[in-house]
Amino acid sequence: MRRRGLHPGTAERRREIFCAALECFAEIGFSQTTMADIRRRAKASTGSIYHQFESKEHLAAEIFLEGIADYQAGWIAALERETDARGGLRAVIGHHLRWVRSNETWARYLFQRRHSAFTAAAERKLAELNAEFLRRASLWFATHMEAGRLRRLPPDIYIALVAGPYTEHTRHYLSGRDCTNTEEVIEMLADAAWRSLAVRPDQPGSARERGQPRTSGGAR
């Protein structure tokens, strides 16, 4: 959660406040949580917490934006490391499921607050994050469409076929229901995504599967 340009002590205090707020929101509920609850959980002074966050709503927006930025950065990095189409699909599905399991409280918060109204500044920042995320993802997918590996489909259909299944699975996981082993889920959802999106899904989709050496770096 460390932000560039922050003094290390400030960044650490900010992280502690974020973690305390997430714990309070999870245990007490967002509406019932007060800044005093967060201050006590973070063992912070009133001055230090209000120095960085003017209100609970401001803090909630910052936590949401930090979570989205962290998730999207990992998603794009996982995608751009892959130069073959099938490997890229598996990479982003794997990133999503592992990120949720490693950041369960944060993930639950993002799910719960995704339709919330934030300040105008936070909404602008969120729009910027989403626009850059979609730009880079679209560039990678377009490369494989042009190469004839992936089907040419509208963006909303791509989102539904790739993200829809893992989002629904995440709902089950965060609700506490029994779920299939993570690595098995990754393999099954990746296979389903490949069969939905590949031009020739029964053909080997990656250099690795064809027995060729795999190169690194993102497709641009």
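No lab work stands behind these numbers, since they all come straight from the coordinates. Please read all numbers here as calculations on a predicted model, not as lab measurements. We place every Cβ from the backbone using ideal geometry, glycine too, and count neighbours over all the protein chains shown.
Averaging sequence separations of C-alpha pairs under 8 Å and six or more residues apart, then dividing by the length of the chain, give the relative contact order as a whole percent.
On the way: 189 pairs, mean separation 55.4, N = 220.
It rounds to 25 percent for the chain.
Report, in degrees rounded to the nearest 10, the 0 to 90 angle that the Cα long axis of helix 85-102 makes with the longest principal axis of the chain.
Roughly 20 degrees, rounded to the nearest 10.
Give me 80, 146, 23 ranked fewest to most by other Cβ atoms within 10 Å of their Cβ, as a rough exposure proxy.
Numbers: 80 19, 146 10, 23 16.
In order of increasing Cβ crowding within 10 Å: 146, 23, 80.
For every helix of n ≥ 4 consecutive DSSP H residues, a contribution of -39,500 (n - 2.57) applies; sum these over the chain, divide by its total residues, and give [θ] at 222 nm rounded to the nearest 500 deg cm²/dmol.
-23000 deg cm²/dmol
Cα axis of helix 155-174 to longest principal axis of the chain: angle in degrees, 0 to 90, nearest 10?
Approximately 50 degrees, to the nearest 10.
For residue 150, which sequence-distant residues (separation of 5 or more, or a different chain) have an amide H within less than 5 Å of its own amide H, given hydrogens modelled in the peptide plane?
145, 199
Roughly how tilted is helix 104-113, in degrees to the nearest 10 and between 0 and 90, from the longest Cα axis of the chain?
Compared with the principal axis, the helix lies near 80 degrees.
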